[in-house]
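The values are calculated or read from the model by the stated rules, or taken from the named source; none is laboratory data. Just so we're clear, the structure is a prediction, and the values are computed from it rather than from any experiment. Quick reminder, even Gly has a Cβ in these numbers, built from the backbone with ideal geometry, and neighbours come from all protein chains shown. Calculation scope for accessible area: heavy atoms of the full protein, side chains included, ligands and nucleic acids excluded. Shrake-Rupley method; radii C 1.70, N 1.55, O 1.52, S 1.80 Å.
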Amino acid sequence: MRPRPFLLHRPNTLKEASELLYSHEDAKPLAGGQSLIPMMKLRIYSPEEIVMIGHLPEMQPGVKQEGSTIVINSMTTHDMVHHNELISEYLPVLSEAAAAIADQQIRNRGTIGGNIAHGDPSTNLSAALLALDAKVLASGKDGQREIPIDEFFLDLFTTALEPGEIITGFKVDIPKNSRQKFMKITRSDTAFPLAFVAVNIQLSDGVVKDARIGLGVAAPTPIRATEAEEYLKNKQLNQETILKTAEMATKDLEPPGDVHASPEYRKNLLNVLMKRCLNSLLEEVKQ
Amino acid sequence: MKFEGSREVNTSAQAVWDFLTNPNNMAECLPDAKSHEVVDDKTIKAQLKVGVGFIKEVFDSTISYSEVTPDSKDMKIKIDAKAKANTATINIDVHVDGADSAAKLQWTVDAVMAGRLASIGQRYISKVSDKVIEQAFECMMSKLAP
Amino acid sequence: MPQKAELVVEKAPETTAAFKYMGTPVKVAEDLIPLQGKGQYLDDVEIPGTLYMAYTLSPYGHAKIKKIDTSKCLELPGVHYVLTGEELKANMDPYMQIAPPPSGNLKDYPLAVDKVRYYGEPVAAVVASNAYIAEDAAELVDVEYEPLPVVTDAEDALKEGSPVLHDSVGNNLVWRGVWDLGDAEKALKEADYVVEDTVKTHRYAAVPLETSGVLATYDQSVDTITVYSVNQMPMFSLPIICGALRMPPSKFRMILPPNVGGAFGGKIINFTHITVVAYLSKLLKAPVKYVENRSENIMSGTHNNERIFHVKLAVRKDGRVTGAYMKAVDNCGAYPRYEPAGAVIWAQVVPGIYDVQNVYVDFSQATTNKGPTGPVRGYSRIQHNFMWERMMNRVAQKLNMDPAEVRRLNLIKAEQMPYEGPSRTIYDGGDYHKAFDTLLDTIEYGKWREKQKEARKQGKLIGIGLSAVIDSGANNFAQVKIINPHFPASGSMEVGLVMIDQFGTLVARTGTTDQGQSHATTFGQIVSEVFNTGPENVVFQQGFDSISNVWAAFSGAYASRSAVMAGTALYYAAIRLKEKVLTIAAHALGELESDLEAKDAAVVSMKTDKKLPLGDIATLAWLDVNKLPEDMEPGLVSYAVYKPDFTYNMPDEKKRVNNTLTYSYAIHGTVVEVDPETYEMKILKHGVVSDPGFMINPLVVEGQEMGATLHGISAALMENLEYDEDGILLTSNFWDYLVAGAKHMPDIDMKTIVTRSTSSVLGVRGVGEGGGGPIGSIVNAVEDALQPLGIKLLSSNLSANELYSKANKK
Ligand SMILES: Cc1cc2nc3c(=O)[nH]c(=O)nc-3n(C[C@H](O)[C@H](O)[C@H](O)COP(=O)(O)OP(=O)(O)OC[C@H]3O[C@@H](n4cnc5c(N)ncnc54)[C@H](O)[C@@H]3O)c2cc1C
């Protein structure tokens, strides 16, 4: 359980970090290490070079409000995301998703940037950020850009980041009249999750004006249930529409299977979670 | 792990067969090959970088043709691939038939993946060999009949 | 000079009230040490110049080794040596086999020779200057394999035409034996009903917090290998190692560090690691260390026996079970390393907790392409208990009776105690009915049955499950003679040493090796009791060292034996020492021995109130020795070997023997709720009532039973070693091999009712293993919950995934 040899870089600037990553094909940035280091220790992934980024001034954890936008820095830990007041108030689905990651030790180290950069369909925050229509802030050797989260996840462990690009943070516009929910099913906190769902709906007089739904462990990448979102628009939230939404969100899914959950069972769980999320939002509205 | 695939090609079965049985054509179409060498008319040695996303391993691979039967247009391709702590033994049965400009290439695969990735990557590994083989055939056929 | 072993000691007083130090919940002081990170575990032992070993592991479940090329590995700077199975084969003998030929012809080496037989099997051992290089180098050993057909199921392995694991055996049968006790066939013929079913127990691992490890050094000056290990029975494992390495045991010094981080049976067959590391340390004339990583521990650090039963019970109309007829097939994994002992160990609990005298068991064990099995907490009896508990529910279903009623009807009665079972096990007292009824009260059985009716109306799935198990402890090695009459061991023994140091402190040692069972506190209490002095005057020395510790060949902490065996040995040793102390005191004080008593670290005269502190007596015994009574041997050391009488000490031709000394029992009850959409299972209530016999320290007993309960919950709901059809282990790390932790532990309602053991000297029973009670109660409860869906369960491990697929079949 020891990693293969690697070279460790500690660059002085973000630009330097990008250049290092750009010029070394097998180099990887290290954030909280909660995905990268276990893989290295299991020797299923062995980058030849590791570039530290956590010490860089631009990368320091933090959450701030800029007008109607929340900006979350990349190195903000899951625990901070969970407990941050701005996030709890405006982006509760993200806070709930962070709270439901693994155990406290892992939440103390793991970061939102690493969670998203990993490109893994089983990362809680990816579903939440999909539901929130976040923008990924990336910094490369040629400067900064914003990548809409919808365009970020390309394939299993494959993202839209170009060689040398580092995630510096995320931008989320504060949704209006929004109700949000994250739900997850797992056999144990630190096990590979069975399924999870992140929902963000805009409601007006009980009618859904807009909906974004993120699904976890549903496909090779984190995905949205776009058909179901479309369906839900301008619908009253009730038992019938909830059932139909869940059905539409999951009917065409082909989730991965493993010893803990067959593809069919995962599909069922996503369906159940979808219903439960919407039902719990319906309850909230009623109160 | 067993799976199968097929592809229709708008050329003759004979043309597909001739193209397929030439290892040079296969060698040019190995996905993510770091290097390759056609050893003889039935054997290719290659270093294939295979995996999902950034999780890739370099497999030292030997690809060998056997039971090449021109009459029925059947052959077997065996891939023996070995990386640190991982191995794959893949047996492919290939068959070509079909009419003049509607040839059909069919393959059935029996893959035994062993080692760490097979154990830890159970959720994803089955897709990998499937994809690699499909890519190789796809590449060859589009070269043959673009 | 050891004193005579046989000794007449008054039986321990009958009531706990007579005790001052034993029987009280003394806080476990030694627990603080590991909690504060101050423990000394194997990996904390450091010797300068140590080299580190790592294994190259088999990626296959079954494959021929065609060639091993070590050249690239040896080129890596820092690599000292690569050892392969070929070299070992040339320099050692295969391990002794318990089973007689033909399966005794099996050749087992610690590294694969000619072929690999399970996923993760060590193929080569690489030694390097540090652990990182060793792991890197292990990956550079180039092994050419030819995959072979795989067999993972034990019944398949015994079929004609199955792939054969060991060519020297010719087939996969490790051992087969038939127990024909009473007349089961007649019982079946005369029965009102025959209840028939198949029951399966699944494979899981011991998973101690600390994995196995070895550090060995070779001392050229005396040609001796010193082995630091965590082996649970170091002096029993030693002859196995020495036999293989062709060295006398006296050339080995076996040491265990003061702290061992749990074992649960999983630290017995680690003698393979010890062999390799010892061999390498002698060859390289350097200290060599190896500590299993977690995956290695899960892959090959002892799996439990996976078993399938095909059972027929003879049942009377009223629910009485009059006989049992069964075929059992046990999955040994690739190598029998303590097996096939498991093929007889279950016979400690032939009738389970029930009064059934007609039992027929046809038992076979087979090798398969899975990791080696061996003792895991509840070794081999958990499976048998589970079978009984599943079958009792089947009886209830058949007769449309309450499962509680069926059990009550069949439980052995208090007035039948001590109860001689059909295989001559002697259940050593207890009141099973009282325990059972207490459990029903504890979990509010009646109330939950009512609630269940209500819940079902609302579409909720609530189930109640019961399980009553025997947890036998302190084994009799003679049971292994059932397998092989030439097996050179029988009975059991443990040794205790008590001494008083120069300043008057009582010092105690035994041959058991604490793995977290609070030996220091418990054993301290025993010595305290005999000397009528507070635990602050007693030091129990943890750890083990074969050259300075006392030991018997069976010494160790396994089979729930420590309190029963070591506790008794220490009790005897302390009494002997006290006699000498009183003799010296009588001489020094000029009084009669019969007027003196030991009290508060001194000897006091009940007649004159004169007092002589132990420190003064120690001075006389160790230093001022001319003042000792004439002819008295100086020193204050006493030593006792306790060898229990099992009554039926040796197996007869019908395989009958009293396999173990004590038989504690526990009744578990679980209420679960199954989510009708996700099929997740939630324990709403879990109760345990057990009878551990006299409790030397109730806190320690409670800890053991809580641990065993959690272990059972974990086994039933989480832990599962799953292999695919190619023999690849799919649960090889904690991401997929799920182990319950404190967070998964429901509130446990735990009660004890105490009856003294009729067979152990102190009245205690072994309780460390727990009999797997929760496994049966959980599976029964879940099946009960799913009754409206008509789902029948087979295995001892449940997952929501499986329930979902059962519910959605068709
Ligand atoms: C036992 C266990 C259970 C877990 N369970 C869950 C779970 O249920 N749900 C869940 O969501 N997560 C889970 N995780 C993963 C955890 O959330 C990780 O913290 C997170 O996925 C990665 O964040 P990190 O900061 O640790 O990133 P790292 O591990 O340091 O990096 C992860 C990947 O992202 C890249 N990377 C990191 N930062 C950047 C950046 N700023 N720009 C570009 N690339 C970057 C790295 O190069 C690497 O490839 C679990 C982890 C463990 C160990």
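Among the residues of the stretch A:58-69, what is the count of those that are farther than 15 Å from A:A98 by Cβ, open to solvent by 30 Å² or more (accessible area, probe 1.4 Å) and within 14 Å of the ligand (Cβ to nearest atom)?
Here the count works out to 2.
Right, C:G319: surrounded by fewer than 24 Cβ atoms within 10 Å (Cβ to Cβ) and either assigned to a helix (DSSP H, G or I) or not assigned by TED's automatic domain parsing to the domain that holds C:Y118 (or both) or not? Let's see the steps before the verdict.
Details: surrounded by fewer than 24 Cβ atoms within 10 Å (Cβ to Cβ): yes; either assigned to a helix (DSSP H, G or I) or not assigned by TED's automatic domain parsing to the domain that holds C:Y118 (or both): yes.
So C:G319 fits the description; yes.
Report the residue count in the stretch A:130-160 for those that are within 14 Å of chain B (Cβ to nearest Cβ) and crowded, with 20+ Cβ neighbours inside 10 Å. Before you say what the answer is, go through the steps one by one.
Our first condition is that a residue be within 14 Å of chain B (Cβ to nearest Cβ); within the stretch A:130-160, this holds for A:152-160.
When the remaining residues are screened for being crowded, with 20+ Cβ neighbours inside 10 Å, the result is A:152-153, A:156-157, A:159.
Count: 5.
So how many residues does the stretch A:267-279 have that are open to solvent by less than 10 Å² (accessible area, probe 1.4 Å) and more than 9 Å from every other protein chain (Cβ to nearest Cβ)?
Step one: of the stretch A:267-279, the residues open to solvent by less than 10 Å² (accessible area, probe 1.4 Å) are A:269-270, A:272-274, A:277-278.
In the following step, the residues that additionally are more than 9 Å from every other protein chain (Cβ to nearest Cβ) were identified as A:270, A:274, A:277-278.
Number of matching residues: 4.
For a quick check of your reading: which strands (runs of 3 or more DSSP E) sit entirely within the stretch C:586-677 and have at least 3 residues that are touching a strand residue (DSSP E or B) at 6+ places or on another chain (Cβ under 6 Å) and either at pLDDT 95 or above or closer than 30 Å to C:E405 by Cβ (or both)?
On the way: elements: C:596-599, C:602-605, C:611-613, C:637-642, C:660-674.
So the answer is C:602-605, C:611-613, C:637-642, C:660-674.
Say we look at the stretch C:130-157 and pick out the residues that are open to solvent by 40 Å² or more (accessible area, probe 1.4 Å) and within 28 Å of the chain's Cα centre (by Cα); which of these is farthest from the other protein chains (Cβ to nearest Cβ)?
In this case the residue turns out to be C:E155.
Condition (residue is over 25 Å from C:N172 (Cα atoms) and among the aromatic types (F, W, Y)) applied to the stretch C:361-379: is it met by at least one residue?
Within the stretch C:361-379 (the criterion being over 25 Å from C:N172 (Cα atoms) and among the aromatic types (F, W, Y)), the answer is no, since none of the residues qualifies.
Within the stretch A:253-266, track down each residue that is touching a residue at least 24 places away in the same chain (Cβ under 8 Å) and more than 14 Å from chain B (Cβ to nearest Cβ).
A:L253
Return the residues of the stretch C:50-66 that are more than 12 Å from every other protein chain (Cβ to nearest Cβ) and in a strand (DSSP E or B); say none if nothing qualifies.
C:L51, C:M53, C:K64, C:I65
Results for (1) closer than 16 Å to B:A136 by Cα; (2) crowded, with 16+ Cβ neighbours inside 10 Å, shown as yes or no for each residue.
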position	(1), (2)
B:F3	yes, no
B:S6	yes, no
B:T11	no, yes
B:V16	yes, yes
B:D32	yes, no
B:D40	no, no
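Just to be sure I understand the filter: pairs with C-beta atoms under 6 Å, separated by 6 or more residues or on different chains, first member in the stretch A:119-130 and touching a residue at least 24 places away in the same chain (Cβ under 8 Å), second member part of a helix (DSSP H, G or I) and within 7 Å of the ligand (Cβ to nearest atom). Which pairs pass?
A:T123/A:N115; A:L125/A:N115
Mind listing whichever residues of the stretch A:163-184 are open to solvent by less than 10 Å² (accessible area, probe 1.4 Å) and either within 14 Å of chain C (Cβ to nearest Cβ) or of a type in the set (G, A, S) (or both)?
A:G164, A:G169
I'd like the full set of residues that are buried (at least 16 other Cβ atoms within 10 Å of the Cβ) and away from the ligand (no atom under 13 Å from the Cβ), limited to the stretch A:12-55.
Passing the criteria: A:K15, A:E19, A:R43.
Are there any pairs, at least 6 apart or on different chains, whose C-beta atoms fall under 7 Å, with the first in the stretch C:668-684 and within 14 Å of chain A (Cβ to nearest Cβ) and under 15 Å from C:S805 (Cβ atoms) and the second among the aromatic types (F, W, Y) and open to solvent by 30 Å² or more (accessible area, probe 1.4 Å), and if so, which?
That search, which allows pairs on different chains as well, returns C:Y679/C:Y804.
Filter the strands (runs of 3 or more DSSP E) completely within the stretch A:50-143 down to those with at least 2 residues that are of a type in the set (G, A, S). Steps first, please.
On the way: elements: A:63-66, A:69-73, A:135-140.
Qualifying strands (runs of 3 or more DSSP E): A:135-140.
Can you work out which of the residues in the stretch A:155-192 that are under 30 Å from C:L738 (Cα atoms) and of a type in the set (F, W, Y) is farthest from the ligand (Cβ to nearest atom)?
A:F182
I'd like to check which helices (runs of 4 or more DSSP H) are fully inside the stretch C:691-809 and have at least 2 residues that are within 21 Å of the chain's Cα centre (by Cα) and more than 14 Å from chain B (Cβ to nearest Cβ). Working first, answer last.
Details: elements: C:698-717, C:773-785, C:800-807.
The helices (runs of 4 or more DSSP H) meeting that bar are C:698-717, C:773-785.
In the stretch A:146-164, what residues are in contact with an Asp or Glu (Cβ under 8 Å, 6 or more places away or on another chain) and at pLDDT 95 or above?
A:P148, A:I149, A:D150, A:A160, A:P163, A:G164, listed by residue number.
Which of the following residues is closer than 20 Å to B:G115 by Cα and buried (at least 18 other Cβ atoms within 10 Å of the Cβ): B:L20, B:L48? It would help to see each step written out before you state the result.
On the way: B:L20 fails: closer than 20 Å to B:G115 by Cα.
When all the criteria are applied, what remains is B:L48.
Quickly run through the stretch A:81-115 and pick out the residues that are without any contact (Cβ under 8 Å) to a residue 40 or more places away in the chain, aliphatic (A, V, I, L, M) and within 12 Å of the ligand (Cβ to nearest atom).
A:A98, A:A99, A:I101, listed by residue number.
Within the stretch B:10-32, track down each residue that is of a type in the set (G, A, S) and modelled with pLDDT under 90.
Residues satisfying the conditions do not exist here.
If you go through the stretch B:106-137, how many residues are at pLDDT below 85 and either open to solvent by less than 40 Å² (accessible area, probe 1.4 Å) or assigned to a strand (DSSP E or B) (or both)?
Number satisfying all stated conditions: 7.
For residues that are open to solvent by less than 20 Å² (accessible area, probe 1.4 Å) and out of contact with any Ser or Thr (no Cβ under 8 Å at 6 or more places or on another chain), scanning just the stretch A:70-80, find the one that is nearest to the ligand (Cβ to nearest atom).
Applying the filter and picking the extreme gives A:I72.
Every residue in the stretch C:220-243 that is open to solvent by 10 Å² or more (accessible area, probe 1.4 Å), in a helix (DSSP H, G or I) and of a type in the set (A, V, I, L, M, F, W, C), please. Spell out the reasoning first.
Initially, the stretch C:220-243 is screened for residues open to solvent by 10 Å² or more (accessible area, probe 1.4 Å), giving C:220-224, C:226, C:228, C:235-236, C:239-240, C:243.
If we keep only those that are in a helix (DSSP H, G or I) as well, we get C:235-236, C:239-240, C:243.
The answer is C:M235, C:F236, C:I240.
Of the conditions (1) touching a Gly at 6+ places or on another chain (Cβ under 7 Å); (2) open to solvent by less than 30 Å² (accessible area, probe 1.4 Å); (3) near the ligand (Cβ under 7 Å from one of its atoms), A:H118 satisfies every one except a single condition; which number is it?
So A:H118 meets the others, but not (1).
Just name the residue that is nearest to A:L154 (Cα to Cα) out of those in the stretch A:121-131 that are of a type in the set (G, A, S) and more than 8 Å from the ligand (Cβ to nearest atom). It would help to see each step written out before you state the result.
Here is the first cut: in the stretch A:121-131, the ones of a type in the set (G, A, S) are A:122, A:126-128, A:131.
Of the ones still in play, those that are also more than 8 Å from the ligand (Cβ to nearest atom) are A:127-128, A:131.
Numbers: A:A127: 14, A:A128: 17, A:A131: 17 Å.
Ranking the qualifying residues of the stretch A:121-131, first place goes to A:A127.
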